[in-house]
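Down below is the structure, laid out as structure tokens.
The values are calculated or read from the model by the stated rules, or taken from the named source; none is laboratory data. In this text the structure is predicted, and so the values were computed from the model without any measurement. A quick note on method: Cβ atoms are made from the backbone with ideal geometry, for glycine too, and the neighbour counts reach across all protein chains shown.
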Amino acid sequence: MAYSWFQNAPMVVGRGALEHLARVSARRVAVIADLRAVQASGALQRAGGYLRQAGSDWTLVHDARREPHLRDVEQSIGELRAYAPDALLAVGGGSALDAAKALWYFYELPEATWEQAFQPFAIPPLGARARLIAVPTTSGTGSETTCVAVLVDDRDRKRLMMSRELVPSLAVLDPDLADSMPCPVAAASGMDALTHALEAAVCRASSSMVVATAVEAATSLSQWLPYSIEADPASPLRAQARELVHYAASRAGMAINNSSAGLAHAMDQAGPRLGLPHGLACALALPATVEFLGPQPAFSRVALALGGSGSDAELWKHLLGMLRQLGRKLGLPGGYRQCGISEQRYAALLPELIQEALASGSTRLAPLVPDAACFERMFWRAFHGESL
């Protein structure tokens, strides 16, 4: 097939964009949010005020306090169905948005099962009963524009729902909501977005549109992430950085939505197993995977935009150096060992992590497919935080 599909959610973009909720036509709105985070930032109070202006009744049906577990979703389905909304509003980070996608699925399809949910691209059309409006308050997952929901099962394994039907009906990108994001959250979520961008840029399924979007997002994230953490919180530079990172993270989400994630995401099962945030797991794996892949045309384009020069090999080394330096600037640990994970515990998990990485669809679409030995070296690189 000589052509490709490029899909993303309709968007309202800009500072103050949350006000668009005052023009949303809905009788009842079910809210899914990380209550602690959105109350601290004022996002929920503001969103609720705009919904009241629109004449909408609203209620919180799910508090997304952690990466969404299957049982968390199951516990909220009954309340959602009893409330019978005609819109779902997800406010928060990727956990809130992904939980909302799963709840939307079960609300629209009352007889559906988890087994059906996890069949790739087999979900029937959604939206007959309600729309899904996504309002990200972190700048990382890109879930507001993707066809994926990431959940965790009772064995702490990552499970994926994948369907174009899961792309939200509307995304509201308001950087005002990212200004109050704690720096550790901004750092980890930003590295998740940078991982999306670099992986989509080299994915074998990427079209020229995806590559262009991904390269630009990776460049912008690399340039502005340090300022979003280091700049004076009261300065215009900090506000500008938070805004540009917020937009770039969503573009990175568009890129993976129309291609695939890559090797760092194939390795991210270590995160839920070890109780670490997804974005941090990606940050720890990313240098190892870029090192394994070697020079790539898209890597060269990013490195050139960041001031590198020379051959593809020299540009690849420039990008690797930038990634290591960026992690230090953001105050992130260099490896799992620095997160307090013991070598014995990590080694015990490793055989299962390697098998899951080998089976991942993200692995199959990487420009260079690792074998078990290669994955083992990358996992140890992610543990020690140094080249092997």
Selection count where residues are of a type in the set (D, E, K, R) and assigned to a helix (DSSP H, G or I), scope the stretch 162-198: 4
SER139 at pLDDT 95 or above, assigned to a loop (DSSP other than H, G, I, E, B), under 19 Å from ALA264 (Cα atoms) and among the hydroxyl-bearing types (Ser, Thr, Tyr): yes
Residue list for the stretch 226-271, restricted to those being of a type in the set (Val, Ile, Thr) and either at pLDDT below 95 or more than 22 Å from GLY16 (Cβ to Cβ) (or both): ILE229, ILE256
So SER222, is it part of a helix (DSSP H, G or I), touching a helix residue (DSSP H, G or I) at 6+ places or on another chain (Cβ under 9 Å), within 26 Å of LEU18 (Cα to Cα) and polar (S, T, N, Q): no
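Got a sec? Which helices (runs of 4 or more DSSP H) wholly within the stretch 262-322 have at least 2 residues that are within 23 Å of GLU352 (Cβ to Cβ)?
By residue number, 263-266, 270-274, 278-293.
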Among (1) within 24 Å of VAL211 (Cβ to Cβ); (2) surrounded by fewer than 19 Cβ atoms within 10 Å (Cβ to Cβ); (3) under 20 Å from the mean Cα position of the chain (by Cα); (4) not charged (D, E, K, R) - the single one MET267 does not satisfy: (2)
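For residues that are basic (Lys, Arg) and more than 14 Å from the chain's Cα centre (by Cα), scanning just the stretch 99-146, find the one that is surrounded by the fewest Cβ atoms within 10 Å (Cβ to Cβ).
ARG129
Restricting to the stretch 12-42, give me the number of residues that are under 26 Å from GLU79 (Cα atoms) and either of a type in the set (A, V, I, L, M, F, W, C) or surrounded by fewer than 18 Cβ atoms within 10 Å (Cβ to Cβ) (or both).
Residues that pass the stated criteria total 21.
Step by step: first the residues of the stretch 234-259, then only those that are outside any helix (DSSP H, G or I) and in contact (Cβ under 8 Å) with a residue 12 or more places away in the chain, then the one that is nearest to ASP174 (Cα to Cα). Which residue is that?
ASN258
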One residue from ARG159, ARG155 being of a type in the set (D, E, K, R) and assigned to a strand (DSSP E or B): ARG159
Restricting the stretch 20-69 to residues that are among the β-branched types (Val, Ile, Thr) and in a strand (DSSP E or B), the residue that is nearest to SER95 (Cα to Cα): ILE32
Lone qualifier among THR138, THR113 - being closer than 14 Å to ASP34 by Cβ, hydroxyl-bearing (Ser, Thr, Tyr) and not assigned by TED's automatic domain parsing to the domain that holds LEU198: THR138
ARG164 vs. criteria closer than 24 Å to GLY271 by Cβ and in the same structural domain as ARG65 (by TED's automatic domain parsing): no
Matching helices (runs of 4 or more DSSP H) fully within the stretch 337-387 where at least 3 residues are more than 23 Å from ARG324 (Cβ to Cβ): 343-359, 361-364
